[in-house]
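For reference, the structure discussed in these notes is given below.
Values in this text are rule-based calculations from the coordinates and carry no lab data. Please read these numbers as outputs of a predicted model, since none were measured by experiment. Note that we place each Cβ from the backbone using ideal geometry, even for glycine, and neighbour counts take in every protein chain shown.
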Amino acid sequence: MKKTLRIIALAFVAVLVLAACGSGDSASEDSNVVKVGVVGSDSVVWNHVAEKAAAEGIEIEVVYFDSYPLPNAALDAGELDLNSFQHYIYFENEVEQFGYNLEVVGETSYAPLGIYSNLLDEIDAIEDGAKIIIPDDVTNGGRALLLLQEAGLITVDPEVGLTPTLKDVENPHGFEIVELAAANIPASLEEAPLAVINSGIARDAGLQPVEDALLIEEAEPGENPYVNIIVAHSDRADDEVLKRVVELYQSDDTKEVIIEDSKGASIPVF
């Protein structure tokens, strides 16, 4: 079954990567051209890193995806050189599920999830049976359920750890908890009283996580399974050009760009 799912994912991503890249090429044969996959419609931080890299003769091409499962499939298939969109738990789950030959080569930042609303001024104002939107992937969905528990809306089985699913939830208020692709969640705020949104997606939608979220995850120092990472194919984890790109990312000026662009919602960890 896992093999079948992987074949489907790779077949699907092949079409989308070709469209995203604008050509039929795989990751460039030019070792100084680095294709970096991200999720969202823009990346101020990676554009900043690209400018720095260009001064050293390294061309960074940012490839945008609108769905979380695609960048790892693309990287494993050789359509990308790096990707930068996920945290440790999501990465480890995908590697286990699909058998990807991928490796973490750097850490970037911690982006807390938040609970947002266009219809309510406070979480406690939600009515029984109301709709709540959460991300549809296993790790961020589970993370969202834990945040809803922190808000006092549901109770999660403590035995399931960091990746609970809807079947692990006690829902005494009968909320309609709907799973939706993360990039599509901001649009749901026009109809759903509450939605749990990743900080990066929230920023792309014009939201300010620290100011606009009714509740936001605490950014605890030290080891955190939700720290975001840069990933390469295992065969290229020691590639000097890719290592240099990671170094350019993990610099003081990039740290300042992360903080300014995210309005403090993303916390650099380097």
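Exposure proxy shown here: for Ile58, Ile132, the number of other Cβ atoms within 10 Å sets the order, fewest to most, as Ile58, Ile132.
So how do Ser84, Ser31, Ser266, Ser117 line up by other beta-carbon neighbours within 10 Å, fewest first? Please report the intermediate quantities before stating the final value.
On the way: Ser84 25, Ser31 13, Ser266 22, Ser117 19.
Least crowded to most crowded, the residues run Ser31, Ser117, Ser266, Ser84.
Rank these for me by crowding, Asp238, Asp42, going from fewest to most other beta carbons within 10 Å.
Working: Asp238 11, Asp42 14.
The order, fewest Cβ neighbours first, is Asp238, Asp42.
Helix 88-98 and the long axis of the chain differ in direction by around 70°, with both axes built from C-alpha atoms. Residues whose amide H comes within less than 5 Å of that of Asn228, counting only those at least five positions distant or on another chain, are Thr108, Ser109, Tyr110, Ala111 (H built at 1.01 Å from N in the peptide plane).
A full extension of the chain between Asp235 and Ala55 corresponds to an added length of 62.1 nm, given 0.36 nm per residue minus the alpha carbon distance.
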